[in-house]
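This report concerns only the one structure given below.
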Ligand code: NZQ
Ligand code: ZN
């Protein structure tokens with residue numbers, strides 16, 4: 001097992017009624033609040049009114065309209081409000097896009113230059129306003145990690161940044177707030193949770209503790225997502241997805257594993273940058289192709305182990321056949337929850353493949369460290385196989 005250092009400083013309040021903690025958590029930091037939210041989902045569900053009601057004696061400023069694949073323009077506007085009004089605390093209410101946007105708003109509030117500088121170079125983040133999150137969609141794990149992913153439409157870039165100052169101070173996780181998530185977003189979020197695990201599980205060096213946690217999260221999502229789609233108000237299923245989402249992305253499930261280069265995310269972020277597609281949809285299309293790319297004589301046992309542990313596949317003497325079945329099972333699961341299985345149906349063709357591959361290769365910088373090393377040509381080939 002590799003050495004590691006680990007700390008997640010986020011206070012979590014999980015479960016029904018966790019909004020009861022909102023007032024005390026916010027006012028423990030201050031009463032000048034920037035409320036960050038997305039489109040209309042929180043207004044439709046009544047959550048917006050509820051939050052305003054709870055914080056009725058606070059001075060609330062608003063940055064609404066944060067886009068899925070959040071734009072740096074929203075970050076700039078939010079940071080400006082923080083500077084103008086001397087905001088004490090940022091409250092993000094929404095999905096991963098809202099949380100990510102709020103994270104960089106918190107950092108940009110203390111930065112004199114352009115917020116995009118902080119996305120290009122996370123080491124420039126030296127300080128951030130405290131962030132409190134109320135999560136409404138189980139997917140990214142942003143509520144429990146130190147990452148944010150921001151899009152710049154001027155440069156066709158969607159980039160992730162990691163910095164310890166980006167951990168939320170507090171996250172309120174009430175599964176009931178995800179009852180209104182539609183089936184397509186529930187499925188995309190589930191694919192995202194699974195992909196976070198795959199990125200850490202299919203690594204060149206792994207360990208038993210990490211494997212057990214990763215496999216449990218995968219099995220949990222595979223069992224719970226169809227239940228949540230069939231019955232959106234299934235509290236147990238929504239709870240399992242919500243906690244799985246938080247655990248899957250903050251590194252906890254792969255402590256001690258070897259290097260984890262996250263190739264699928266690097267490739268998907270390019271698809272979202274160029275075509276503004278839903279993150280989890282892109283991941284679900286890429287995943288089986290990347291798995292097949294990295295299946296060879298050296299990795300075959302890893303895929304057999306995965307098939308047995310996650311899908312209860314029986315052992316087979318033909319190891320390649322068993323590994324192929326494990327990948328096919330993954331692909332079938334994504335189809336069964338209604339996710340598209342190719343890019344063509346999303347209207348994407350080969351026009352930008354060269355550019356996307358080049359950007360992914362350059363931005364990620366670690367494709368050569370994948371379980372099966374990937375060259376620029378390999379990345380292009382995998383994109384082509386997704387068409
Ligand atoms: O904008 P509103 O009206 O709120 O609607 C949203 C949006 O249209 C809707 N939604 C959210 N909660 C809802 C709801 N609709 C009904 N009921 C609810 N309770 O869902 C749509 C998608 O929301 P979004 O926040 O974009 O989805 P998600 O949570 O999947 O976030 C995706 C973003 O996070 C990034 C992705 O790249 C993408 O930009 N990621 C962030 C990560 C991180 N910070 O660690 C890691 C991930 O790998 C990922 O890259
Ligand atoms: Zn993701």
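The values are calculated or read from the model by the stated rules, or taken from the named source; none is laboratory data. As the structure is a computational prediction, the values presented were derived from the model and not from experiment. Every residue, glycine among them, receives a Cβ derived from its backbone with ideal geometry; neighbour counts consider all protein chains shown.
Note on the stretch 270-293: residues that are more than 15 Å from ligand 1 (Cβ to nearest atom) and at pLDDT below 95 total 0. Where helices (runs of 4 or more DSSP H) fall entirely within the stretch 115-234, those with at least 3 residues that are within 9 Å of ligand 1 (Cβ to nearest atom) and touching a residue at least 60 places away in the same chain (Cβ under 8 Å) are at 183-201.
This table checks each residue for (1) touching a residue at least 40 places away in the same chain (Cβ under 8 Å); (2) surrounded by 13 or more Cβ atoms within 10 Å (Cβ to Cβ); (3) out of contact with any helix residue (DSSP H, G or I) (no Cβ under 9 Å at 6 or more places or on another chain).
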site: 291; (1), (2), (3): yes, yes, no
site: 300; (1), (2), (3): no, yes, no
site: 306; (1), (2), (3): yes, yes, no
site: 310; (1), (2), (3): yes, yes, no
site: 314; (1), (2), (3): no, no, no
site: 375; (1), (2), (3): no, no, no
site: 381; (1), (2), (3): yes, yes, no
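Here's the yes/no breakdown for (1) closer than 20 Å to residue 15 by Cα; (2) modelled with pLDDT of 95 or more; (3) within 18 Å of the chain's Cα centre (by Cα); (4) away from ligand 2 (no atom under 16 Å from the Cβ):
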position	(1), (2), (3), (4)
202	no, yes, yes, no
217	yes, yes, yes, no
221	yes, yes, yes, no
226	no, yes, no, yes
232	yes, yes, no, yes
236	yes, yes, no, yes
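Restricting attention to the stretch 1-28, the residues that are touching a helix residue (DSSP H, G or I) at 6+ places or on another chain (Cβ under 9 Å), assigned to a loop (DSSP other than H, G, I, E, B) and within 20 Å of residue 90 (Cβ to Cβ) total 3.
For the stretch 273-287, the tally of residues that are in a helix (DSSP H, G or I) and buried (at least 20 other Cβ atoms within 10 Å of the Cβ) stands at 10. What single numbered condition from (1) more than 15 Å from residue 11 (Cβ to Cβ); (2) crowded, with 19+ Cβ neighbours inside 10 Å fails to hold for residue 174? So residue 174 meets the others, but not (1). Among the conditions (1) in contact with a helix residue (DSSP H, G or I) (Cβ under 6 Å, 6 or more places away or on another chain); (2) away from ligand 2 (no atom under 16 Å from the Cβ); (3) assigned to a helix (DSSP H, G or I), residue 103 misses just one, which is (2). On the stretch given as the stretch 338-367, residues that are at pLDDT 95 or above, out of contact with any helix residue (DSSP H, G or I) (no Cβ under 8 Å at 6 or more places or on another chain) and closer than 30 Å to residue 301 by Cβ total 0. Of all positions in the stretch 248-269, at least one carries a residue that is within 22 Å of residue 347 (Cβ to Cβ), in contact with a strand residue (DSSP E or B) (Cβ under 7 Å, 6 or more places away or on another chain) and within 11 Å of ligand 1 (Cβ to nearest atom).
What about residue 52, is it within 16 Å of ligand 2 (Cβ to nearest atom) and farther than 24 Å from residue 182 by Cα? So residue 52 does not fit the description; no. Scanning the stretch 261-269 finds no residues that are farther than 30 Å from residue 7 by Cα, modelled with pLDDT of 95 or more and either within 14 Å of ligand 2 (Cβ to nearest atom) or not in a loop (DSSP other than H, G, I, E, B) (or both). Once the stretch 34-59 is narrowed to residues that are touching a helix residue (DSSP H, G or I) at 6+ places or on another chain (Cβ under 7 Å) and away from ligand 1 (no atom under 15 Å from the Cβ), the residue that is nearest to residue 147 (Cα to Cα) is 34. State whether one or more residues within the stretch 172-187 are over 16 Å from the mean Cα position of the chain (by Cα) and under 26 Å from residue 258 (Cα atoms). No, every residue in the stretch 172-187 fails to be over 16 Å from the mean Cα position of the chain (by Cα) and under 26 Å from residue 258 (Cα atoms). When residues in the stretch 95-149 are screened for being surrounded by fewer than 21 Cβ atoms within 10 Å (Cβ to Cβ) and under 22 Å from residue 33 (Cβ atoms), 4 of them pass.
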